[in-house]
Amino acid sequence: MAATASGALAGAPKNDMLGAEGYLRIESVRKEFDGFVAVDDVSLSIRKGEIFALLGASGCGKSTLLRCLAGFERPTKGQIILDGQDIVGLPPYERPINMMFQSYALFPHMSVEQNVAFGLKQDGMAKADIARRVEEMLALVQMGKYAKRKPHQLSGGQQQRVALARSLAKSPKLLLLDEPMGALDKKLRSQMQLELVNIVERLGVTCVMVTHDQEEAMTMAHRIAVMDAGWIRQVGTPDEIYEQPSCRFTAEFIGSVNLIEGQIKDDEKDFVTIASPAMEHLVYVGHGVTGFEGQAVALALRPEKIQVDKDEPVQPHNKVRGTIEDIAYFGSHSVFHVRLPGGTKLLANMVNSQRWASEKFTWNDSVWLSWGDQAGVVLTS
Amino acid sequence: MSHKLLRSVRRRLPGSRWLVIAVPYLWMLLFFAIPFAIALKISFASAAIAMPPYTELVQWAGDKMQVTINTANYLFLVRDSLYVNAYLSSLEIAVVSTALCLLLGYPIAYAIARMDPATRNVALMLVILPSWTSFLIRIYAWVGILKNNGLLNNFLIGLGLIDEPLQILHTPVAVYIGIVYAYLPFMVLPLYSNLVKHDHRLLEAASDLGARPWKAFLTVTLPLSKAGIIAGSMLVLIPVVGEFVIPEMLGGADTLMIGRVLWQEFFNNRDWPVASAVAIVMLVLLIVPITIFHRYQSKEMESKLT
């Protein structure tokens with residue numbers, strides 16, 4: 001476990017090591033099942049060495065897209081080009097792609113060793129070479145000691161390591177991960193996420209993963225595509241997706257968010273103001289938006305960007321008075337549920353940077369919420 | 001009040017549990033152990049013109065007890081090549097028909113296991129349905145199909161494929177047809193119950209790792225269905241070795257099977273001791289496959305639980 005002991009920073013994905021753009025190109029891929037459109041005209045371009053996450057709720061089409069990449073499903077329409085070669089017509093066993101299955105799909109009648117060797121055997125590799133490669137892969141995932149065990153004699157985490165070794169053994173051009181942490185408990189999960197990223201980056205293999213867990217996607221991936229109903233709603237780095245959501249769906253899907261509905265009042269080049277029926281004061285946003293006066297918009301405001309105070313802040317806008325209706329204490333921070341006079345509810349986080357900090361406030365206290373000019377994002381769709 | 005009742009029920013519980021276990025044991029004792037002991041006893045007696053037609057093992061002469069163990073019946077089985085040949089021929093027929101059942105039954109079981117659940121039940125019904133008719137009647141039906149002016153020959157002549165009827169009835173071919181027909185469900189059902197549990201993602205994983213479909217079948221599906229193959233094979237092999245009705249009705253005079261020999265010893269020669277010895281030896285021969293079957297069946301049961 002030495003690799004994980006070096007801490008979170010060693011495992012977190014780094015963008016500066018990525019190779020050429022367009023290594024994997026998914027072009028207008030559509031997949032229908034008996035009239036139901038599972039994947040609707042999806043286009044993506046993924047760089048060599050990138051870890052790319054397809055994130056969405058179940059039934060959003062992310063797994064179908066992954067199965068199209070693996071070759072288990074054939075797209076109704078569209079092209080998939082990997083390293084310059086169109087692979088849509090190739091059966092799974094001819095694709096230079098390997099997959100780590102959800103709950104691993106290890107062969108129960110074979111030992112750890114035989115599982116890892118399986119793919120190499122299919123290529124007709126010489127026995128001595130296979131043995132050397134298997135040993136190398138098992139060392140990589142720190143499973144050398146367990147080579148002779150059968151899968152059912154291993155714990156969930158160990159099975160995952162074997163599954164990873166098996167899918168990396170053939171040095172695939174593309175590694176697919178289907179809900180990679182789905183079968184692990186929470187504690188093991190965060191450790192394995194970073195370790196997996198470490199291994200994948202060390203080998204420089206391009207990787208597409210599917211997950212419904214936003215934390216997992218944010219921790220592991222260089223870029224994330226948020227999917228909904230067969231569509232890609234937004235593609236971006238984890239911080240872009242979180243801080244700059246492009247639509248209400250992504251804003252609400254990732255993390256928690258307050259959406260303040262209103263209309264654009266002043267539409268200037270470097271700022272806009274929004275009049276919201278829920279607020280007495282104007283909302284001031286310190287950057288321009290592509291919109292027009294009177295347009296209905298929503299301000300997406302993350303709870304941790306909101307300041308909670310007892311006294312009225314001096315700023316003329318971006319503040320509102322409300323009553324604390326609920327306090328959720330999470331230890332590291334507390335979440336206040338604040339009801340505004342109009343009935344709207346806002347969430348505001350407070351970091352408990354001092355012990356007993358949240359005891360300043362209690363239920364039914366009247367408080368002021370305020371936020372900065374750059375704290376929110378204006379959503380038009 | 002209810003407390004008292006509960007306690008009295010609990011006190012009786014071990015008793016009722018014992019009763020549940022006792023029923024099958026009692027059954028085995030009555031219908032297997034005792035008949036087996038009787039047959040064993042008779043196999044060590046000598047034939048006699050009496051009623052029943054064998055001598056007693058234990059005789060009392062005054063206050064002396066005289067026990068006579070006659071091993072001649074067993075020695076006779078070894079010395080007379082008829083019996084050795086009958087055993088060998090029975091085993092051969094059983095092994096060949098088991099192999100035929102496997103070759104035919106595996107694809108059937110595989111296809112049913114991969115059907116969607118609604119059609120799967122219909123297909124399973126079709127496999128089981130024939131056994132709702134009497135075994136004897138179904139074998140009689142095969143006589144009607146296979147005989148010289150039977151359905152099959154008339155059909156082939158009608159098509160103009162042959163001029164003369166084929167002699168199928170009373171040949172080994174007819175025996176194999178009858179056995180494979182009658183025992184196929186015993187092969188298909190255990191195979192099906194094994195194959196239906198297979199995780200299709202294992203085949204996807206094999207394919208993903210570069211195995212063509214046929215290779216994936218040989219390296220993943222086939223080894224994982226080993227327990228089903230053995231269970232099905234033993235369910236066919238064991239009863240076929242002692243099969244009497246099918247060779248009697250469909251086979252010729254030269255179809256030598258131990259079941260028929262036993263029948264002749266018992267009913268035609270009225271030599272109960274030799275007939276009993278034949279039966280005991282057959283049972284001893286079958287203990288090996290029965291043990292194998294038992295081991296794999298319990299393995300199957302365990303795998304169902306996990």
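Is segment B:270-277 home to any residue that is in a helix (DSSP H, G or I), touching a residue at least 24 places away in the same chain (Cβ under 8 Å) and open to solvent by 30 Å² or more (accessible area, probe 1.4 Å)? Scanning segment B:270-277 turns up at least one residue that is in a helix (DSSP H, G or I), touching a residue at least 24 places away in the same chain (Cβ under 8 Å) and open to solvent by 30 Å² or more (accessible area, probe 1.4 Å). Listed by first and then second residue, the pairs linking a residue in segment A:83-106 that is more than 8 Å from chain B (Cβ to nearest Cβ) and in contact (Cβ under 8 Å) with a residue 40 or more places away in the chain to a residue that is in a strand (DSSP E or B) and among the basic types (K, R), with Cβ atoms under 6 Å apart and 6 or more places separating them unless they lie on different chains, form an empty list. Residues satisfying the criterion are present in segment A:177-185 (criterion: within 23 Å of A:H212 (Cα to Cα) and loosely packed, with under 14 Cβ neighbours inside 10 Å). A:T273 falls short on exactly one of the conditions (1) open to solvent by 40 Å² or more (accessible area, probe 1.4 Å); (2) assigned to a strand (DSSP E or B); (3) more than 27 Å from A:H333 (Cβ to Cβ), and that condition is (1). Would you point out which residue out of B:V143, B:V188, B:V196, B:V175 is surrounded by 15 or more Cβ atoms within 10 Å (Cβ to Cβ), in contact (Cβ under 8 Å) with a residue 60 or more places away in the chain and more than 30 Å from B:V288 (Cβ to Cβ)? Only one candidate passes the filter, namely B:V143. Note on segment A:327-381: among residues that are at positive phi and modelled with pLDDT of 85 or more, the one that is farthest from the chain's Cα centre (by Cα) is A:N364. Look at B:A182 and say whether it is more than 14 Å from chain A (Cβ to nearest Cβ), in contact (Cβ under 8 Å) with a residue 24 or more places away in the chain and either touching a Lys or Arg at 6+ places or on another chain (Cβ under 8 Å) or open to solvent by 50 Å² or more (accessible area, probe 1.4 Å) (or both). In short, yes. On inspection, A:A131 does not qualify as more than 8 Å from every other protein chain (Cβ to nearest Cβ), under 23 Å from A:L196 (Cβ atoms) and either assigned to a helix (DSSP H, G or I) or open to solvent by 20 Å² or more (accessible area, probe 1.4 Å) (or both). Checked against the criteria, B:V96 counts as at pLDDT 95 or above and either assigned to a helix (DSSP H, G or I) or open to solvent by 70 Å² or more (accessible area, probe 1.4 Å) (or both). Among residues of segment B:14-40 that are open to solvent by 90 Å² or more (accessible area, probe 1.4 Å), none has a beta-carbon under 7 Å from a residue that is of a type in the set (G, A, S) and not in a helix (DSSP H, G or I) at least six positions away or on a different chain.
Could you look through segment A:92-101, keep only residues that are in contact with a Lys or Arg (Cβ under 8 Å, 6 or more places away or on another chain) and open to solvent by 20 Å² or more (accessible area, probe 1.4 Å), and pick out the one that is nearest to B:A205 (Cα to Cα)? That would be A:Y93. Considering A:V289, A:V378, A:V297, the condition of being part of a loop (DSSP other than H, G, I, E, B), touching a residue at least 40 places away in the same chain (Cβ under 8 Å), under 25 Å from A:F253 (Cβ atoms) and aliphatic (A, V, I, L, M) is satisfied by A:V289 alone.
If the condition is being farther than 21 Å from A:I97 by Cβ, away from chain B (no Cβ under 14 Å), assigned to a loop (DSSP other than H, G, I, E, B) and in contact with a helix residue (DSSP H, G or I) (Cβ under 7 Å, 6 or more places away or on another chain), then segment A:165-210 contributes only A:L184.
Take A:A117 and decide whether it is of a type in the set (A, V, I, L, M), more than 24 Å from the chain's Cα centre (by Cα) and either surrounded by fewer than 15 Cβ atoms within 10 Å (Cβ to Cβ) or part of a loop (DSSP other than H, G, I, E, B) (or both). For A:A117, the condition - of a type in the set (A, V, I, L, M), more than 24 Å from the chain's Cα centre (by Cα) and either surrounded by fewer than 15 Cβ atoms within 10 Å (Cβ to Cβ) or part of a loop (DSSP other than H, G, I, E, B) (or both) - is not met. The set of residues in segment A:58-82 that are more than 10 Å from chain B (Cβ to nearest Cβ) and basic (K, R) comprises A:K62, A:R74, A:K77. Apart from one condition, B:S131 fits all of (1) loosely packed, with under 14 Cβ neighbours inside 10 Å; (2) more than 21 Å from the chain's Cα centre (by Cα); (3) part of a helix (DSSP H, G or I); the exception is (2).
The values are calculated or read from the model by the stated rules, or taken from the named source; none is laboratory data. This one's a predicted model, so the numbers in the text were calculated from it and none came from an experiment. Ideal geometry is used to build each Cβ from the backbone, glycine not excepted, and the neighbour counts take in all protein chains shown. Side chains included, ligands, DNA and RNA excluded: accessible areas come from the protein's heavy atoms. Shrake-Rupley method; radii C 1.70, N 1.55, O 1.52, S 1.80 Å.
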